[in-house]
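The values are calculated or read from the model by the stated rules, or taken from the named source; none is laboratory data. Not measured: the values here are computed from a predicted model. A quick note on method: Cβ atoms are made from the backbone with ideal geometry, for glycine too, and the neighbour counts reach across all protein chains shown. Protein only, heavy atoms only, side chains kept; ligands, DNA and RNA dropped before computing areas. Shrake-Rupley method; radii C 1.70, N 1.55, O 1.52, S 1.80 Å.
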Amino acid sequence: MIVTTKELFKHAYGKYAVGAYNINNLEQTMGLFQGNLDSKAPFIVQLSKGARSYTHKKMVEALIRAADEIFPDAVFAVHLDHGDEATCMDCINSGFYSSVMIDASGEPFDKNIEITRRVVDAAHAKGIVVEAELGKLGGVEEHVSVKEADAKLTDPEQAKEFVRRSGCDSLACAIGTSHGAYKFAGSQGLHFEVLVEIQKRLPGFPLVMHGSSSVPQDEVARINAAGGQLGGAKGVDENQFAKAATLGVTKVNIDTDGRLVWCRVHREAFRDDPKNFDLRPPGKVFMKEYAKFIAHKNVKLGSAGQLDAVRALVKK
Ligand code: G3H
Ligand code: 13P
Ligand code: ZN
């Protein structure tokens, strides 16, 4: 059942975070739905611009429609990840997405608000909800001065004004994470103090944490043992998701970790069976491993076990 992120956030706020997972192909789609049902979790399926053009936007959308039929118990939102204005409008007009993200965070403050407001007006007219972003995501390196590093993080006062003027339904905040497998250097980690200040100014308002992959070191070691070269990869401590949830983070974006599962499974499969040329044996292993990975993440996010309660709420 496709629902809006707004409905999911209403149930989750302050208690747990909903996992937002990116998909590109059918193996990820099957593993994602299976893993969420195995752990009885509501979830968010995310399609990036790149995912929509990897094969064809209609292909990934059809995968989700098919999964909705194959897994009738699933409760999930369909979300555009990091959209520009044109892609947001395309998704809003498609009638398929229940939520979109407008990422104008690279623009100056007022321009970001102006673009976000246009997307919000178009989306709300069709019952679609909007995530926006304020602040600059990017790893905070050890050598960068505190002043420089803080300048990238979301300013809590600006966050309040941004939400009021843009009308967005949730806000992606920069609290020190970045996308990909190389997030932190040295002892850097999440800036909870920023979340505390944002929550004070926006009580009850859903916040989003991008760049939340953990880059498990055992996964990296297995990839490298099978021929990979992922030196110095480092991610977010998944044991910190629970604390972030109490501070208003209701959506946690995870993509890179899933790609690492894919990479490990395929590297090991071809290393261990060099005569194999068939895509199905590693594909089967990947779907199972990805489902296991999703179920594990949902336990860390606190969304595991919430499915029945959420279904009861959205059916009312
Ligand atoms: O934030 C970016 C997501 O991980 C999606 O990545 O643009 O390569 O599909 P992508
Ligand atoms: P990761 O690269 O940490 O998985 O972040 C994904 C993300 O933020 C998607 O929007
Ligand atoms: Zn992101």
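Residues of the range 260-293 falling in the label zone of Ala225, defined by backbone nitrogen less than 16 Å from a point 7 Å along Cα to beta-carbon, are 261, 263-273.
Under 14 Å from the Cβ of Phe96, count the other residues' Cβ atoms, weight Lys and Arg +1, Asp and Glu -1, and hand me the total. So the surrounding residues net to +2. Once the C-beta distance of His124 and Lys316 is scaled by a Förster radius of 25 Å, the resulting FRET efficiency is 0.70 to the nearest 0.05.
Is there a quick way to get the dipole size of the chain? I mean about its Cα centre, with the Cβ of Lys and Arg at +1 and of Asp and Glu at -1; what is the value in debye to the nearest 20? Please report the intermediate quantities before stating the final value.
Values: 40 positive and 40 negative charges, 131 e Å.
With only Lys, Arg, Asp and Glu charged at Cβ, the dipole is about 620 debye.
A Förster distance of 22 Å, applied to the separation of the beta-carbon atoms of Arg280 and Asp38, puts the FRET efficiency at 0.55. Along the axis of the charge dipole computed for the chain (Cβ charges of +1 for Lys and Arg, -1 for Asp and Glu, origin at the Cα centre), the listed residues Ile175, Ala309, Leu32 are led at the positive end by Ala309.
Applying a threshold of 31 Å to the alpha-carbon distances of Lys111/Lys234; Lys6/Lys40; Lys152/Lys315; Lys183/Lys300; Lys49/Lys111 flags Lys111/Lys234; Lys152/Lys315 as lying beyond it.
Counting only protein heavy atoms, what percent of the accessible surface of the chain is carbon or sulfur at a 1.4 Å probe? All intermediate terms of the calculation are to be shown ahead of the outcome.
On the way: 7500 of 13720 Å².
Ligands and nucleic acids excluded, carbon and sulfur reach 55 percent.
Taking the empirical scaling 2.2 N^0.38 Å for compact globular proteins as reference, the chain has a Cα radius of gyration ratio of 0.97. Both the radius of gyration and Dmax for the range 179-316 are 18.0, 60 Å, in that order, over alpha-carbon atoms. For the range 1-70, the dipole from Cβ point charges (+1 on Lys and Arg, -1 on Asp and Glu) about the Cα centre works out to 320 debye, to the nearest 20. Per q in 0.17, 0.23, 0.25, 0.27 Å⁻¹, report the Debye log10 I(q)/I(0) for the range 244-316, using one uniform scatterer on each alpha carbon and no solvent. Here log10 of I(q) over I(0) equals -0.77, -1.04, -1.13, -1.21.
Starting from the Kirkwood radius over alpha-carbon pairs of the range 1-76, derive D by Stokes-Einstein at 37 °C in a medium of 0.692 mPa s and give it in µm² s⁻¹. Please report the intermediate quantities before stating the final value.
Values: Rh = 12.8 Å.
Translational diffusion coefficient: 256 µm²/s.
Placing dummy labels 7 Å off each Cα toward the beta-carbon, the span from Ser94 to Asn239 is 3.9 nm.
In units of the rule-of-thumb radius 2.2 N^0.38 Å, the range 52-114 shows an alpha carbon radius of gyration of 1.32. One Cα centroid belongs to the range 226-268, the other to the range 1-33; the line between them spans 16 Å.
Treating only the Cβ of Lys, Arg, Asp and Glu as charged (+1, +1, -1, -1), what charge dipole size does the range 24-130 show about its Cα centre? Round to the nearest 20 debye.
Values: 10 positive and 15 negative charges, 32 e Å.
Taking the Cα centre of the range 24-130 as origin, the dipole is about 160 debye.
Looking at the range 207-300, the chymotrypsin sites (Phe, Trp or Tyr not before Pro) that sit in a DSSP loop and have at most 16 other Cβ atoms within 10 Å of their own Cβ are Phe277. Taking the range 114-133 and a reference point 7 angstrom along Cα→Cβ of Glu161, the backbone N atoms nearer than 18 Å belong to 114-117, 133. Counting only aspartates and glutamates at least 8 places from Lys200 when in the same chain, those with an alpha carbon closer than 12 Å to its own are Glu157.
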